1. In deg cm²/dmol and to the nearest 500, what is the mean residue ellipticity at 222 nm of chain B if only DSSP H runs of at least 4 residues count, each as -39500 (n - 2.57), divided by the residue total?
2. May I ask you to give the solvent-accessible area per residue for chain A, in square angstrom, as obtained with a 1.4 angstrom probe?
3. Please report the projected area of the range A:123-162's Cα convex hull averaged over all directions, in nm².
4. Sort A:182-190, A:105-113 by the packing proxy (mean of other Cβ within 10 Å over each peptide's residues), most packed first.
5. Quick one: pull the percentage of alpha-carbon pairs in chain B with a separation above 15 Å.
6. Taking accessible area as the heavy-atom solvent-accessible surface of the protein chains with a 1.4 Å probe, which residues of the range A:125-167 lose no less than 50 Å² upon going from the isolated chain to the full protein assembly?
7. Hey, any idea what % of chain B's accessible area is carbon plus sulfur with a 1.4 Å probe?
8. So in chain A, what percent of DSSP beta bridges are antiparallel if you round to the nearest 5?
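The values are calculated or read from the model by the stated rules, or taken from the named source; none is laboratory data. Computed from a prediction, not measured in an experiment: that's the story for all the values here. Using ideal geometry, Cβ is built from the backbone for each residue, glycine included, and neighbour counts are taken over all protein chains shown. For the accessible areas, the whole protein counts, side chains as well, though only heavy atoms, and no ligand, DNA or RNA atoms are used. Shrake-Rupley method; radii C 1.70, N 1.55, O 1.52, S 1.80 Å.
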Amino acid sequence: MKWGVVVFPGSNDDQDALHCLREVLGQEAVALWHKSPDLQGADAVILPGGFSYGDYLRCGALARFSPVMQSVRTFAERGGVVLGICNGFQILCEAGLLPGALIRNRSLTFVCERVLLRVENAESRLTRLCREGELLEIPIKHGEGCYFADEVMLSALEANGQVLFRYADASGAVTSEANPNGSLRNIAGIRNARGNVFGMMPHPEHAAESLLGGEDGLKLFRALLSPEREAAQPTAAVPPRRTIASRS
Amino acid sequence: MLVRVYVTPKRGVLDPQGKAVAQSLHSLGFSEVADVRIGKYMEVKLDEGLSRPRAEARVREMCEQLLANQVIEDFRFEIAEDGARRR
């Protein structure tokens with residue numbers, strides 16, 4: 001399996017994503033400079049964290065028009081797996097490949113800390129190695145990570161099982177104290193309706209080695225490693241989350 | 001041709017910056033301030049020769065495609081008097 005990590009001017013976590021994929025997971029991974037529409041045969045594409053285009057105008061507002069993004073859009077429309085991390089999540093929302101938007105943290109401060117994520121939906125391709133209710137400790141570092149969508153959109157996301165992670169406390173409770181940035185409904189990560197495009201504000205690539213503080217992020221990348229290429233999912237709702245399945 | 005573009009947060013979108021500014025105004029003694037919302041102001045200078053209706057249509061497209069994120073922002077714009085004529 002080949003991974004492509006898009007690099008925009010101002011991206012900075014592309015190196016960490018490539019390190020995680022190559023050094024930790026032993027994967028073939030290439031950097032994809034934003035100016036080229038060539039995805040170099042990647043089977044999965046990552047939009048990494050950073051400050052693409054200096055966050056000018058709005059985070060991700062300019063990056064979404066880079067030449068590579070038209071290819072990413074086509075790739076996603078054909079069912080290809082795309083994971084947007086932090087700035088990558090912002091870019092996917094600006095591009096309309098994910099619903100909603102990320103705005104300034106409610107505290108107005110840049111937050112740099114480890115948070116706990118409660119896995120809300122363990123049926124998605126990104127979370128299928130997790131259990132529903134499992135807590136993952138993953139770092140965040142952002143000033144504009146507050147997830148926003150209007151009530152209609154939020155209800156649809158919830159009903160469709162598109163919310164993948166929420167900020168939670170150590171007991172798994174989804175509280176405002178556990179919410180580092182004011183995200184509505186403590187939403188930290190989502191998927192699109194079809195289930196092939198993912199966005200999350202926390203950085204799983206920074207939780208890939210115990211030497212550096214933890215490995216909870218690894219199972220997300222591993223979940224995408226599956227060799228079987230799933231047929232394109234219909235845009236219907238995700239199967240009920242209470243399916244009985246043994247995962248080990 | 002100069003176009004003034006105003007981009008503001010939609011009603012219902014959290015604006016902690018606006019709240020912080022309102023609080024600062026209060027502590028400066030401006031107790032009559034009920035609310036502050038903070039947006040963006042842009043000046044877009046267009047080449048001469050565009051008709052007004054065409055300019056409006058094009059600026060609207062610019063706002064919808066780039067200048068405003070309509071999930072969280074509203075926009076409006078006004079075409080200013082052509083500065084070159086005032087001499």
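1. Details: 2 runs with 23 residues, N = 87.
Here the helix-only value at 222 nm equals -8000 deg cm²/dmol.
2. For chain A, the solvent-accessible area averages 41 Å² per residue.
3. 4.0 nm²
4. By packing density, highest mean first, the sequence is A:182-190, A:105-113.
5. Values: 2427 of 3741 pairs.
The calculated P(r) of chain B puts 65 percent of pairs beyond 15 Å.
6. A:PHE148
7. Details: 2950 of 5960 Å².
The C+S portion of the solvent-accessible surface of chain B is 49 percent.
8. Values: 23 of 40 bridges.
Roughly 60 percent of the DSSP beta bridges within chain A come out antiparallel.
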